[in-house]
1. Give me the one-decimal nm value for the distance between modelled label points at residue 8 and residue 175, 7 Å along each residue's Cα-to-Cβ direction.
2. I'd like the Kirkwood hydrodynamic radius of the range 293-403, using the inverse of the mean 1/r over distinct C-alpha pairs, in Å.
3. For residue 450 and residue 263, what is the calculated FRET efficiency with R₀ set at 60 Å and r taken between the beta-carbons, to the nearest 0.05?
4. Going by average Cβ density within 10 Å per residue, which order do the peptides 24-34, 342-352, 393-403 take, highest to lowest?
5. How much of the pair distance distribution for the chain lies past 36 Å, counting alpha-carbon pairs only, in percent?
6. If a helix is a whole DSSP H run, which ones in the chain reach 15 Å or further along their own axis (Cα) and hold a mean Kyte-Doolittle hydropathy of at least -1.0?
7. What does the highest-first list of 265-273, 473-481, 243-251 look like by mean Cβ count within 10 Å?
8. Report the charge-dipole magnitude of the chain in Debye, nearest 20, computed about the Cα centre from +1 at each Lys and Arg Cβ and -1 at each Asp and Glu Cβ.
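The values are calculated or read from the model by the stated rules, or taken from the named source; none is laboratory data. On a predicted model such as this, the values are computed, not experimentally measured, just so you know. Quick reminder, even Gly has a Cβ in these numbers, built from the backbone with ideal geometry, and neighbours come from all protein chains shown. Surface accessibility is based on the protein's heavy atoms, side chains included, excluding ligands, DNA and RNA. Shrake-Rupley method; radii C 1.70, N 1.55, O 1.52, S 1.80 Å.
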Amino acid sequence: MANLGVHIYEQATSISTPLVADSGIPFVVGIAPSHAAANPSKAYTPVLCTSWKEAVEKLGFSYDWDTYTLCEFMYSHFKLFGCQPVIFCNVFDHTKMQKAGEARDYDVAEHKISIPFETVHNEKLVVTCVKKIGSDDPVTEDNVLIEDEDYSVLYDEDENVCTIELLPSSDYYLTAATLHVEGQVVEFSQIDEKDIVRGLGVIDECMTVVGKIPDLICAPGYSHITTVVAVMATKAAGINGLFHGKALIDIDSSPEGCTEYSHLTYHKNKNNFIDENQIVCWPMVKLGDYKFHLSTQLAGLMAKVDTDNAGCPYESPSNKALKIDGCCLADGTEINLTFEQVNIIAGDYGIVTALNFMSMGWTAKGNYVGCYPANTDVKDYFIPVSRMFDWIGNTLIRTFWSKLDLPMTKRLLDTIQDTCSIWLNGLVSSEILLGARVEILGEENPVTSLMAGIIKIHIYITPPSPAQEIDFVLEYDPDYVTSALLSE
């Protein structure tokens, strides 16, 4: 049948819009007090949080950071650095990891009692009035209180307690003198590095579950354990088997680890913290009474620097301000590192540390990835250069994934080459890259590969290295004596 008339047909645009990869998004594995959360998330599930309020609602919060390791990161990232988002993975399942708690009596003060923070708020929590003011009546079934009618349950992270507060509408509000409480408490003894390793595997679900691909992998409190660190590096090398990131790890600063800066290189090599996908940190840092793993604060600093550069990781976090007032060991012992010692740690050992010098306050110090000094390839050992390779690679994967399985034609190859060139030229003009070009080389594309549907596109890029040393040469010029004193 004839197709009469005037018709319009659309041709696909010859240049694609780059899907620029995210940068500075942490994936953090650890323990959170989800039993205290208003809307608790499931264990071993990626939890995307864009604010402090959202994180507390989904994960709960406590200042007991030795137990609840994710809370340290929440406080640092949201409160101190003001960065978002973060993807958390809580390995604590509050619905299963619990045991019977100690049943005991509590004296009522100001219409409420404080019970252990570890108490689980569920149907097994039973509150009974065992003594009324001015009465010695025996306990009966009528003395069992009903939640929402007689009392409410609140978790107080500041005091690290769970509060049972009598409601003004209850008959016990003015009469209860002693309450008896029995129920379940959380149980952490069964959590070990195997659970953290399992949690690290959840990173491959981030793309499908929360629509984000993280590029910083953290596990505060566990990132000094060799088995955990090895898996962190493996995941950083291939998230979903495709995308690249960096694992932020800590050298243990407890007596069982390393408490002397001069032993760091031995400890680093002994524990195999020498991967190009690892950024190694030492020691811990503090702010007031709070202790932080340096990896936690470095993640916040890297996210902030990336955000200040429109989401591009081409600038090093070194010599940028941390939110601390000192360095310390795991037991809280404060240590003062001199400029010379920091130069050895950050320069010779390839470990990120902290420095208070030149009236700049406390800053991160160190431009090297864990593979330095053994690996001397500049694309691997400099933090910003290596991250730029990761970021550009992640962007290319996301941008051209939709081109897979299309007919391999000259138009397809031109579209890919032109899209890459235009985007990279923009980075060069912004001085994010010093130079870049895209080529399809015949020697890299034999006819057998082309027949098999395989095309190789060679991209040359040069991110700027960090200016970690600036040298001035001063010379005495005697000619200025003559010109100044004898000139007419």
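1. Once both label points are built, they end up 7.9 nm from each other.
2. 15.3
3. 0.65
4. Order by mean packing, descending: 24-34, 342-352, 393-403.
5. 45
6. What comes out of the filter, once short or polar helices are dropped, is 226-237, 294-308, 383-400, 410-429.
7. Final packing ranking: 243-251, 265-273, 473-481.
8. Using only the charged Cβ atoms, the result is roughly 1780 debye.
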